[in-house]
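Engineer: Pasting a structure below so you can have a look.
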Amino acid sequence: MVMPHPVTLTFDNGPEPGVTEFVLETLAARGIPATFFLIGRKLATPYGLALAERARAAGHLIGNHTFFHQTPLGEATDDAAAQEILATQDLLGDLAPEKLFRPYGNGGVLGPHLLSQSARDLLVVGGFTCVVWNALPRDYTDTQGWPETALGQITAHRAAGVPSVLVLHDIPTGAMQHLPAFLDCLLATDVRFTQEFPDETVLVRAGLPSALCDRYVAAKPESSAFG
């Protein structure tokens, strides 16, 4: 018996008035659970926080996606990295008891720029779960063609027996107008939407670093012989 293909559906860079509501309505109409990774500076408004509360009340998971979303943590100072993580987590509060964190990739790139050593240590000590992705259809630039790309990525994962962790963006590009048709297309296939993050995409789980973690941590600068 063939098991349904697991798809972890995630949305980055919200909450965004006028877009996040549409995404929530689209998911609710289909009974699909998702995870929203939110930017701290967008939460620091009454309406942004209200959208986060609405998403949580609908059963979606809420995660931390840095505060400013401008500099990868592997390229940030220790103080800046701490602020990016902790200031956003303080705003999320009880909305995010799982303490999910997704680093900023600067164009969706995976590599050692994602975390600094101090950011890694903070996530470990704080008991965070740090997750990345393996399906990125770049809906933020290819606003019309991303559904076809996403379906191709998921099809390839299904063939390889690899769960899909898909990143979309609830931002005002117009890309999310295609979300209903995309989800209906997926639902017509043998998929199972889940909020689980497979080991292949987890750098730290509940404060425990995975075997993958070090490859996403920037190397410490070599100390100079002259101080």
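The values are calculated or read from the model by the stated rules, or taken from the named source; none is laboratory data. Keep in mind that what you see is a predicted model, and the values were worked out from it rather than measured. Using ideal geometry, Cβ is built from the backbone for each residue, glycine included, and neighbour counts are taken over all protein chains shown.
Engineer: When you check VAL124 against the structure, is it under 16 Å from the mean Cα position of the chain (by Cα), surrounded by 15 or more Cβ atoms within 10 Å (Cβ to Cβ) and under 25 Å from THR66 (Cα atoms), yes or no?
Structural biologist: Working: under 16 Å from the mean Cα position of the chain (by Cα): no; surrounded by 15 or more Cβ atoms within 10 Å (Cβ to Cβ): yes; under 25 Å from THR66 (Cα atoms): yes.
No; evaluated as a whole, the condition is false for this residue.
Engineer: For the stretch 149-168, what are the residues that are out of contact with any helix residue (DSSP H, G or I) (no Cβ under 9 Å at 6 or more places or on another chain) and either more than 23 Å from PRO4 (Cβ to Cβ) or not in a loop (DSSP other than H, G, I, E, B) (or both)?
Structural biologist: Matches in the stretch 149-168: THR149, GLY152, GLN153, THR155, ALA156, HIS157, ARG158, ALA159, ALA160, VAL167.
Engineer: Out of everything in the stretch 12-48 that is touching a Phe, Trp or Tyr at 6+ places or on another chain (Cβ under 8 Å) and of a type in the set (Ser, Thr, Tyr), what residue ends up being surrounded by the most Cβ atoms within 10 Å (Cβ to Cβ)? Can you show your working first?
Structural biologist: Kept after step one, since they are touching a Phe, Trp or Tyr at 6+ places or on another chain (Cβ under 8 Å), are these residues of the stretch 12-48: 12-15, 17, 20, 23, 32-37, 39-41.
Restricting the remaining residues to those that are of a type in the set (Ser, Thr, Tyr) gives 20, 35.
Numbers: THR20: 25, THR35: 23.
Within the stretch 12-48, the match that is surrounded by the most Cβ atoms within 10 Å (Cβ to Cβ) is THR20.
Engineer: Taking only pairs six or more apart or across chains, which ones have beta-carbon atoms under 6 Å, a first residue in the stretch 163-178 that is polar (S, T, N, Q), and a second residue that is modelled with pLDDT of 95 or more and part of a loop (DSSP other than H, G, I, E, B)?
Structural biologist: If the second residue must be modelled with pLDDT of 95 or more and part of a loop (DSSP other than H, G, I, E, B), the pairs left are THR173/TYR140; THR173/THR143.
Engineer: Considering only residues that are of a type outside the set (Asp, Glu) and without any contact (Cβ under 8 Å) to a residue 12 or more places away in the chain, look in the stretch 81-100 and name the one that is nearest to LYS42 (Cα to Cα). If you could, list the steps in order and put the result at the bottom.
Structural biologist: Taking the stretch 81-100 first, the residues of a type outside the set (Asp, Glu) are 81-83, 85-89, 91-93, 95-97, 99-100.
Among the residues that remain, those that are also without any contact (Cβ under 8 Å) to a residue 12 or more places away in the chain are: 93, 97.
Numbers: GLY93: 15, PRO97: 19 Å.
Filtering first and then ranking leaves GLY93.
Engineer: Still on this structure: Determine whether THR8 is β-branched (Val, Ile, Thr), out of contact with any Asp or Glu (no Cβ under 8 Å at 6 or more places or on another chain) and crowded, with 17+ Cβ neighbours inside 10 Å.
Structural biologist: no
Engineer: Quickly run through the stretch 111-147 and pick out the residues that are touching a residue at least 40 places away in the same chain (Cβ under 8 Å), part of a helix (DSSP H, G or I) and more than 12 Å from LEU73 (Cβ to Cβ).
Structural biologist: VAL124, VAL125
Engineer: For the stretch 74-110, what are the residues that are assigned to a loop (DSSP other than H, G, I, E, B), aliphatic (A, V, I, L, M) and within 20 Å of ALA50 (Cα to Cα)?
Structural biologist: Within the stretch 74-110, just ALA96 meets the criteria.
Engineer: Just to be sure before I move on: is TRP133 among the aromatic types (Phe, Trp, Tyr), surrounded by 18 or more Cβ atoms within 10 Å (Cβ to Cβ) and out of contact with any Asp or Glu (no Cβ under 8 Å at 6 or more places or on another chain) in the structure I sent?
Structural biologist: So TRP133 fits the description; yes.
Engineer: If a residue must be over 14 Å from ASP12 (Cα atoms), surrounded by fewer than 23 Cβ atoms within 10 Å (Cβ to Cβ) and free of Cβ contacts under 8 Å to residues at least 60 places away in the same chain, how many such residues does the stretch 49-76 contain? Spell out how you get there, then give the answer.
Structural biologist: Filtering the stretch 49-76 down to residues over 14 Å from ASP12 (Cα atoms) leaves 49-50, 53-54, 56-59, 71-76.
Applying the additional criterion that residues be surrounded by fewer than 23 Cβ atoms within 10 Å (Cβ to Cβ) yields 49-50, 53-54, 56-59, 71, 74-75.
Narrowing the set further to residues that are free of Cβ contacts under 8 Å to residues at least 60 places away in the same chain leaves 49-50, 53-54, 56-59, 71.
Residues flagged as over 14 Å from ASP12 (Cα atoms), surrounded by fewer than 23 Cβ atoms within 10 Å (Cβ to Cβ) and free of Cβ contacts under 8 Å to residues at least 60 places away in the same chain within the stretch 49-76 amount to 9.
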